[in-house]
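The values are calculated or read from the model by the stated rules, or taken from the named source; none is laboratory data. Everything numeric here is computed off the predicted structure, so don't read it as measured data. No Cβ is skipped: glycine too gets one built from the backbone with ideal geometry, and neighbour counts run over all protein chains shown. Note: accessible area is taken over every heavy atom of the protein model, side chains too, but ligands, DNA and RNA are not part of it. Shrake-Rupley method; radii C 1.70, N 1.55, O 1.52, S 1.80 Å.
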Amino acid sequence: MPLGLAGGLTFADVHAIRTIPPFSTPSTNALLSPTYVALLEFADHSTRNVLVPASAFTKLKDLLENDDRKMVEVTATVACYNFSTRVLRALDV
């Protein structure tokens, strides 16, 4: 079972997250909630550009009720995934 499903996402959510192109506009993400759209935007910027624009950061933080702990968790999750992916690719695993 995909982790997303275990975490409460629907099959439609998981499919949308897997197939939506990076940096898609929110209007193309009609299946996803505004929070998921903001999370994807944050992850796209962090993954592709390292720096997340203040507008994307603020949008996500507002949707997470200005909870600093949640922002740290999101940032750490994206960073750890990116780190492990880069290590595995460098080792050709």
Hey, what's the chain come to in accessible area per residue, 1.4 Å probe, Å²? 72 Å²
Connecting every pair of Cα atoms under 10 Å apart in the chain and solving the GNM, the largest mean-square fluctuation among Thr75, Thr19, Thr35 falls on Thr19
Computed [θ] at 222 nm, deg cm²/dmol, the chain (DSSP H ≥ 4; -39,500 (n - 2.57); rounded to nearest 500): -21000 deg cm²/dmol
Carbon and sulfur %, accessible surface of the chain computed with the full protein complex present, 1.4 Å: 63 percent
Please work out, to two decimal places, the log10 of the ratio I(q)/I(0) at q = 0.19, 0.23, 0.25 Å⁻¹ from a Debye calculation in which every Cα of the chain carries one identical scatterer. -1.01, -1.35, -1.44
Gain in length, Asn66 to Thr19, computed as 0.36 nm per residue apart minus the alpha-carbon separation, to one decimal in nm? 14.1 nm
Can you give me the distance in nm between label points at Cys80 and Arg48, each placed 7 Å from the Cα along the Cα-to-Cβ direction? 2.5 nm
